[in-house]
Amino acid sequence: MLLARMPAACHHIFNLLNIFARPRWLAIIFLLCAVPTGLGCALLTPLGVPPDELAHIARAEGLRLGQITNPPSPINVPGVLVNSGIFDIILAMELEPYAARGNVPPAILVQTGAVRWGSQNWFCTTQMTMYFPVFYLPAALGLAGGKLAGLSPLFAIYLARVCMLLSFMAMGGAALCLARFGAPLLFVILTLPTSITLGASCSQDGQLIAACALAVALLTRTAPTRTARVAGGAAWWGALALLTAIALAKFSYVALLLFCLAPLHAPGLARRAGLVLLAAVAPLLWLLHIHAMGFAPWPFAAYHPGPLWPGDRSIWLHDARPSNNLQVLLAHPAEIIRLPFRSLAAQWGGMWRKILACVSVDVVLMRPWEYPWLALSLIAAALAAPPGARHWRAWDALLAWLILLSSFMAIELSLYLTFSRAGANLVSGVQGRYFLLLLPFCALPLSGVLARVKPCPPPGLLCLPAVMMAVLNSYVLPSFLYHFFRMAGP
């Protein structure tokens, strides 16, 4: 063994460092770091700066008023009814103009803070009605609690951010406590600046990242034992419920339900397959509901179709209509495979930074020194594999990589259909945060392989960069936001 050749002092040091690889210690460090980091993000970031936050706020307010799906629209577009005070905040000038240049004028915050709750509910357009609103529940509770406590709409929204942060922390902490293996990778994903920023906003994306981490942690507890007849139990049912909720929120991730089939050699595979198939019915029904309610195409300035368009390219189009690019894929079936990879290769130069540390809609990135250290933390944590992963065999790993590959392609192709100009040869609208949901699942096949590698570095040593970056960013990230936006908080 590698450690056997080292001096006794090194053994003591590595034993001390291995504390950082223990799930409960990682959970404690995560919670201690997430409080200052998350509160800094929630209170020092202007509303609307996190991706699509204004639309998410409208969706959460609609849920507060009891709207699971969109009500009848007076203008034939998707949306929800929101209190007129929330509607005024969504349109206030505190918001998106400062996302790129920062320096929010104090008068803007005073102006939006003076808005009061209204006596009427107004229709607010939002594409977020396509998402089943289960992950908006913390924000809706925050809005309701803020209104009940007499807070203005602006401060009720900040309270909603804090509620979303608490939900993110609860799921993330539970994931780290429950994981039997892969906890280091889950820790670094949960503490990335992108994840913390999303978790402390009204966007559902932070909730989805934490839910994926918790689902993975529960799946690590479904290993067959000598006395268990099937790989299942409460942990398996919990993972299935979470993955069903994730697929309801975003249908592109429905393939993640297949992780509930592993380990394939465990008893009861046919039973698990039947239950997974049954669980997939709910997201499918929601997708059919969205189609029945009508999908509002994303508008563009007038343009000619791109090079893949199978018809007359001299025509003028004005939106990204799914039926248009569906024609493209039917005319060029090979593009179903080529488009996702060609687009990823073309966009990867900036995409990897946005996965690690993007604090707005792909326009505000952390300081350059962060990225190599965050990348090192992610790679090192992925290599920390305890013995508990040995029940994952080669077929399970192959299944896992195929699921992740199909999920990646579903993300790319869904945006090609709904957000890309007709006939384009690259996918538009792909953002780094979409791939953060897939990264926790890499812990399952990676740990199964790496647990068999001898010798391996001490897991505590591999966790150290992630712990150091999490502690460091508990000051650096809020400080960066404060100096960039110059907003003193609510």
Residue match in segment 350-358 (condition: more than 22 Å from Phe187 (Cα to Cα) and either crowded, with 18+ Cβ neighbours inside 10 Å or under 22 Å from the mean Cα position of the chain (by Cα) (or both)): yes
Flag for Arg367 being touching a residue at least 60 places away in the same chain (Cβ under 8 Å), closer than 30 Å to Leu47 by Cβ and exposed (fewer than 14 other Cβ atoms within 10 Å of the Cβ): yes
Scan of segment 117-148 for residues that are part of a helix (DSSP H, G or I) and polar (S, T, N, Q), ordered by number: Gln127, Thr129
Counted residues, segment 149-176 - those being part of a helix (DSSP H, G or I), open to solvent by 10 Å² or more (accessible area, probe 1.4 Å) and at pLDDT below 95: 1
Condition met for Phe300 (in contact with a Ser or Thr (Cβ under 9 Å, 6 or more places away or on another chain) and modelled with pLDDT under 90): no
Hits in segment 177-197 (condition: within 22 Å of Ile355 (Cβ to Cβ), out of contact with any strand residue (DSSP E or B) (no Cβ under 9 Å at 6 or more places or on another chain) and in a helix (DSSP H, G or I)): Ala183, Pro184, Leu185, Leu186, Phe187, Val188, Ile189, Leu190, Thr191, Ser195, Ile196
Matching residues in segment 443-490 - criterion: being at positive phi and modelled with pLDDT of 85 or more: none
Subset of segment 47-64 that is of a type outside the set (A, V, I, L, M) and over 17 Å from Met366 (Cβ atoms) - its residue that is surrounded by the most Cβ atoms within 10 Å (Cβ to Cβ): Glu61
Qualifying residue in segment 403-416 (condition: over 15 Å from Tyr253 (Cα atoms) and either open to solvent by 40 Å² or more (accessible area, probe 1.4 Å) or under 13 Å from the mean Cα position of the chain (by Cα) (or both)): no
Selection from segment 42-66 of residues that are among the hydrophobic types (A, V, I, L, M, F, W, C), within 29 Å of Leu378 (Cβ to Cβ), out of contact with any Gly (no Cβ under 8 Å at 6 or more places or on another chain) and in a helix (DSSP H, G or I): Ala42
Selected residue (only one of Phe30, Phe132 is under 19 Å from the mean Cα position of the chain (by Cα), open to solvent by less than 40 Å² (accessible area, probe 1.4 Å) and at pLDDT 90 or above): Phe30
Residue match in segment 428-437 (condition: more than 22 Å from Ala175 (Cβ to Cβ), open to solvent by 30 Å² or more (accessible area, probe 1.4 Å) and not polar (S, T, N, Q)): no
Of the criteria (1) closer than 17 Å to Cys202 by Cα; (2) modelled with pLDDT under 75, which one Ala107 fails: (1)
Pick from segment 65-81, criterion open to solvent by 50 Å² or more (accessible area, probe 1.4 Å) and farther than 15 Å from Gln120 by Cβ, ranking: modelled with the highest pLDDT: Gly66
Pair list, Cβ < 8 Å and 6+ apart or interchain, from segment 309-332 residues that are within 11 Å of Ser420 (Cβ to Cβ) to residues that are open to solvent by 90 Å² or more (accessible area, probe 1.4 Å) and at pLDDT 90 or above: Ala320/Arg421
From Ala213, Ala217, residue being under 25 Å from Arg59 (Cβ atoms) and either touching a residue at least 12 places away in the same chain (Cβ under 8 Å) or in a helix (DSSP H, G or I) (or both): Ala213
Ala382 vs. criteria under 19 Å from the mean Cα position of the chain (by Cα) and not polar (S, T, N, Q): yes
Helices (runs of 4 or more DSSP H) contained in segment 243-348 and holding at least 2 residues open to solvent by less than 40 Å² (accessible area, probe 1.4 Å), among the hydrophobic types (A, V, I, L, M, F, W, C) and touching a strand residue (DSSP E or B) at 6+ places or on another chain (Cβ under 9 Å): none
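The values are calculated or read from the model by the stated rules, or taken from the named source; none is laboratory data. Computed from a predicted model, the values in this text were never measured in an experiment. Every residue, glycine among them, receives a Cβ derived from its backbone with ideal geometry; neighbour counts consider all protein chains shown. Only protein heavy atoms, including side chains, enter the accessible area calculation; ligands, DNA and RNA are left aside. Shrake-Rupley method; radii C 1.70, N 1.55, O 1.52, S 1.80 Å.
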